[in-house]
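As structure tokens, the structure follows; a few thoughts come after it.
The values are calculated or read from the model by the stated rules, or taken from the named source; none is laboratory data. A quick note: this is a predicted structure, and the numbers were derived from the prediction, not measured. Quick reminder, even Gly has a Cβ in these numbers, built from the backbone with ideal geometry, and neighbours come from all protein chains shown.
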Amino acid sequence: MHKKIIALTSAFALGICCLTGCSNTEEQKTSENKNLDKITIAEVTHSVFYAPQYAAITKGFFEEEGIEVDLIDAQGADKTMAALISGEADIGLMGPEASIYVYNQGSDDYAVNFAQLTKRDGSFIVSREKNDNFSYDDLKGKEVLGGRAGGVPLMTLEYLLKDKGLTIGENTSNGEVNVRTDIQFGVMSGAFAAGEGDYTTAFEPTASQLVKEGAGYIVASVGQDAGEVPFTAYSATKSYMEKNSDLIQRFTNALYKGQQWVQKASDEEIAEAMQPFFEDTSKEDLIVVAQKYKEIDAWCSDPLLKEESLDNLMNIMIEGGELEEKIPYDSVVTTSYAQKAIDNNK
């Protein structure tokens, strides 16, 4: 946990150097060519996993609420939180664990989560060999590319493996599962395709791309097997919320409309809604992505971040050695905006 705090603190100091073109949180900004309030979102990564958000933009739900959205790919939870705390972004889209780390630092103006976007880990386990009858026991004595140490995808994977009765360690000759953390998340699929590891974890569309290239086979969904956790949520600093309560409410209203639309839309319609944000990904691949994430029920149907869900996340963090004890749910979560958005659209 101490390493995580140091990383976040360092990131705060470098926030302005890391990001450009973001908005100022001290006042509500208005677009020059539209009578819309501009909100800058720092995304932990730019991913098809966040389809309801992109749908809310392309279907005009944010515009209906008088909002223009500016997206920044912060490329990491530490940089996303840095952008939020420094005022370079108004809202952060990341895992709620980042808010927990900052809260535990004792900051007065920490980030509070007000709307949940995804409710499961979005990664899939990809095998080098075809296996139509995969069992987690098949991982005994094998090497798995797991991701960044301290990251929720890795912690969720390890939590799942332990829950399945597996032992994590480097002694594969004794049946331990060697979960490697020495390969950066962004190059894991390339390393796997080049021969590293027996299995890897990958989000979409990377997992399906490995299959298409003949480099691997999807055998399991980490999110489906590990259960519900608030994998990604929107947060803002306490001070920003106090000054922009109406704007946060309108943002949540628009998000909820996007979430509801995705629940009813076809895979093709979801792909079309995402396409403007992923021009290098074919519509056919986006259709596969939509189908797979709908299959595992990855997207929240409403923005309410429930206490049980956060409790599950903190169990995973404690098991992963990144959290010593649980913090109060209502210290880093407010449900007022989500509940009002739901109530207003009944």
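Looking at this structure, is GLN291 touching a Ser or Thr at 6+ places or on another chain (Cβ under 6 Å), without any contact (Cβ under 8 Å) to a residue 40 or more places away in the chain and in the same structural domain as GLY76 (by TED's automatic domain parsing)?
Here the answer is no, as GLN291 does not meet what is asked.
Condition check: modelled with pLDDT of 95 or more and surrounded by 15 or more Cβ atoms within 10 Å (Cβ to Cβ). Does THR181 satisfy that?
no
Here is a list of conditions, (1) in contact with a helix residue (DSSP H, G or I) (Cβ under 9 Å, 6 or more places away or on another chain); (2) under 13 Å from VAL222 (Cβ atoms); (3) outside any helix (DSSP H, G or I), and PHE134 meets all of them except one; can you say which number that is?
Failed condition: (1).
I need the full set of residues from segment 274-288 which are touching a residue at least 24 places away in the same chain (Cβ under 8 Å) and either of a type in the set (D, E, K, R) or within 26 Å of GLN339 (Cβ to Cβ) (or both), in order please.
Result: ASP285, single match.
Check LEU323 against each of (1) under 30 Å from VAL219 (Cα atoms); (2) part of a loop (DSSP other than H, G, I, E, B); (3) aliphatic (A, V, I, L, M) and name the one condition it does not meet.
Exception for LEU323: condition (1).
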